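The values are calculated or read from the model by the stated rules, or taken from the named source; none is laboratory data. Remember, predicted model here, so these are calculated numbers, not experimental data. Counting neighbours? That spans all protein chains shown, and the Cβs are built from the backbone with ideal geometry, glycine included. Accessible surface is based on the protein model in full, side chains and every heavy atom, while ligands, DNA and RNA are left aside. Shrake-Rupley method; radii C 1.70, N 1.55, O 1.52, S 1.80 Å.
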Amino acid sequence: MATPIETLPASSTVGAGVPPRTPRRPRRPRTAAVDARHRRGAARWFVLAGAVLVAVVMMVPFVIMVLNAFKAPADYSQNGPLSFPVEFYTDGLRTFWDRVNFPEKLVNSIWISGAVAVFGVTLSLFSAYALGVGKVKGRMSIVTLFLLANMLPQEVLVYPLFQMAQQVGLSNNQWSVIIIFTVIQAAFGTYLLSSVLGTFPKALLEAASLDGAGRWRTLWGVVFPVVRPTLSVLVIFFFIWTWNEFFIPLVMLTTNATQTIPVALASLQGDRMMDAPTTNAGALVSMIPAIVFFLIFQRTLTRGITAGAVK
């Protein structure tokens, strides 16, 4: 008589060398966000292609400048500005360096741009703190006045500013350029910061007032830490904007020892002819300090813009 086959328990299969079957995880349902992200895939590729195209178009003048900076004058006259150099020509760099005394102009530009950046941001912070946090009557009218001041062209202001600089003894003095650009940049900085401080959390100000903090302590202990990312962005912008200024330094700084890099670069152009390779070499050398400054503070700029957007 046959005996019935006994069914082995499930645990005995492990000892027999057969691994247990793990249950499958349930598939996560596709959410609307996932579906929308997949649908936007083609659109994102188009946006990326457009951004790359814009970057390439913006890099074309820089590439042409680099090509002509290392091109001989005869090669430039014969083959034009869009051709590759026949030989690696560096006399244009040496000519620009020696003719304009580039180290001296570099120190002048760094000093003027750095001073304007620091003084302009400080003045902007004080003015915006008074307008945005303090109780100033006619706040909107004052902010509108600062906005209108940014729209005035420099050609309208240069003659009275030149006369005032002569009357106070700042003719051919770098402090005249520093003071002028500090006021000009601070007008924009005040307009921007006053808008930011106008929405400053009142709870923080009331808590500081209850703790016995005065105006000065509230500014440096409460307001400054919150707006510090925005101030760092203004420092970078003020430095680069002042670095590229040409017209007012050309009028105010009349001697070679006080001039900045853009003014020295313009001195290479004559009335009837221009040494294009030397001019392009000078433009390339003049851009390097600003590019290095931007690369050093690029992360600070990104953090400042992101923090301002989050706030």
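Roll a 1.4 angstrom probe over the protein heavy atoms and tell me the percent of accessible area of region 108-229 that is carbon or sulfur. Carbon and sulfur atoms account for 68 percent of the accessible area of region 108-229. The packing ranking, built from the mean of other Cβ atoms within 10 Å per residue, places the peptides 236-243, 249-256 in the order 236-243, 249-256, highest first. On full extension, the segment bounded by ILE288 and ALA257 gains 9.0 nm, given 0.36 nm per residue less the C-alpha separation. Put simply, the C-alpha atoms of region 102-209 give a gyration tensor, and the ellipsoid matching it has half-axes of 32, 17, 11 Å, longest first.
Which chymotrypsin sites (Phe, Trp or Tyr not before Pro) in region 87-157 pass both tests, a DSSP loop state and at most 16 other beta-carbon atoms within 10 Å?
Details: sites: PHE88, TYR89, PHE96, TRP97, TRP111, PHE119, PHE126, TYR129, PHE146; in loops: PHE88, TYR89.
Answer in residue order: PHE88.
Per residue, region 66-177 exposes 59 Å² of solvent-accessible protein surface, assessed with a 1.4 angstrom probe and all protein chains in place. For SER267 and GLN154, FRET efficiency with R0 = 22 Å and r from the beta-carbon atoms, rounded to 0.05? Once the sixth-power term is evaluated, E becomes 0.65.
May I ask you to compute the full-extension gain from VAL63 to TRP111, defined as 0.36 nm times their residue separation minus their alpha-carbon distance, rounded to one decimal in nm? Working shown, then result.
On the way: separation 48, 0.36 × 48 = 17.28 nm, distance 2.92 nm.
Here the answer is 14.4 nm.
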